[in-house]
Amino acid sequence: MVKTTLPYLAAYRFAITLSVGMKMIASDLRFQSVGNLDLERKLEWQNGQAFLIKDDSIKTLTLKRGLIAPGNAKDNPLEGVTKDQIALWSERLVRTDLLINALDDKGQPKATWKVDGAVLRKIDWGGLDAGRNEILLEEMQFEYRVLRPFS
């Protein structure tokens, strides 16, 4: 009997690249999680038949990672991006393209999702609690309209 193993991708091995226009601004392997990575469509049923309805809804993509101490730019490629966003938080929006890659055990992309023109809506550093021994997490919420999966 031949033993076969299916080439499942590990959900814990991924990388995220952020770009503005044609310029890559950061690529980071240190995110802890990517949330709301899904496709959904609206349907309307009439006489037992389904019809697509145009979906202009805004979706939220959530990225979480451990907060890296400021000043460690080589260890934290998003530090400059985050500072720039915060400095202009109430003045302007920056449309950001996100490329999310699920990686194989050699670090090669095997599944990819692309989000075009996302806008950073929220940065959340959670809370501080002296009674808990945990890493401080930074959560970034981007709003977008279209997610495109590639394989």
Can you name the residue in the range 114-151 that is over 19 Å from Asp56 (Cα atoms), out of contact with any Gly (no Cβ under 6 Å at 6 or more places or on another chain) and touching a residue at least 60 places away in the same chain (Cβ under 8 Å) and is also surrounded by the fewest Cβ atoms within 10 Å (Cβ to Cβ) among such residues?
-> Leu136
Kindly check whether there is at least one residue in the range 34-57 that is closer than 22 Å to Asp97 by Cα, among the aromatic types (Phe, Trp, Tyr) and either surrounded by 13 or more Cβ atoms within 10 Å (Cβ to Cβ) or without any contact (Cβ under 8 Å) to a residue 60 or more places away in the chain (or both).
-> no
Strands (runs of 3 or more DSSP E) wholly in the range 1-114 with at least 2 residues that are out of contact with any Phe, Trp or Tyr (no Cβ under 6 Å at 6 or more places or on another chain) and at pLDDT 80 or above - which ones?
-> 14-20, 31-35, 42-46, 49-53, 59-66, 95-103
Considering only the range 30-50, state which residues are within 21 Å of Glu134 (Cβ to Cβ) and within 11 Å of the chain's Cα centre (by Cα).
-> Phe31, Gln32, Ser33, Val34, Gly35
Considering the range 116-136 alone, what residues qualify as being of a type in the set (D, E, K, R) and touching an Asp or Glu at 6+ places or on another chain (Cβ under 6 Å)?
-> Asp116, Arg121, Asp124
Select from the range 21-33 the residues that are hydrophobic (A, V, I, L, M, F, W, C) and surrounded by 14 or more Cβ atoms within 10 Å (Cβ to Cβ) and list them in ascending order.
-> Ile25, Ala26, Phe31
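The values are calculated or read from the model by the stated rules, or taken from the named source; none is laboratory data. Values in this document were obtained by computation on a predicted structure and should not be read as measured data. Ideal geometry is used to build each Cβ from the backbone, glycine not excepted, and the neighbour counts take in all protein chains shown.
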